[in-house]
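First up is the structure itself, then whatever we jot down about it.
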Amino acid sequence: MITNEFAQIAAVSVSQMALIFFKHLTVRTVVVHQIVKSMFFTFAIQASWLVSSAIGIKAFLDGNIVVVAFYLLGGVIGAWLNFKIKV
């Protein structure tokens, strides 16, 4: 597990942004029946969920509010990016 707090913040922020971003992209690709893209995005969702949840839950249980805050903020930024980046 990542022990450096800065590395935890970076990893949880990026993985949470990716999770939310890919979730929205998957919905778009399913609607237009793009099966291969949808399968890739589903894999990306699972990988980013695993990383962000592992770090976020451990930080929550350890009482590390800074990492938890970046976990939540990463999700919000991921949703915002989805509306700004057209893929």
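Number of residues in region 48-74 that are small (Gly, Ala, Ser), without any contact (Cβ under 8 Å) to a residue 12 or more places away in the chain and assigned to a helix (DSSP H, G or I): the value is 2. In region 25-47, the residues that are free of Cβ contacts under 8 Å to residues at least 40 places away in the same chain reach residues that are surrounded by fewer than 17 Cβ atoms within 10 Å (Cβ to Cβ) and of a type in the set (Lys, Arg) with C-beta atoms within less than 6 angstrom, at least six apart or across chains, in these pairs: Thr29/Lys37. When Ile77 is tested against (1) assigned to a helix (DSSP H, G or I); (2) without any contact (Cβ under 8 Å) to a residue 40 or more places away in the chain; (3) not small (Gly, Ala, Ser), just one condition goes unmet, and that condition is (2).
Values in this text are rule-based calculations from the coordinates and carry no lab data. Small disclaimer: the values here were computed from a predicted structure and weren't measured. Here the Cβ is made from the backbone with ideal geometry for all residues, glycine too, and neighbour counts use every protein chain on show.
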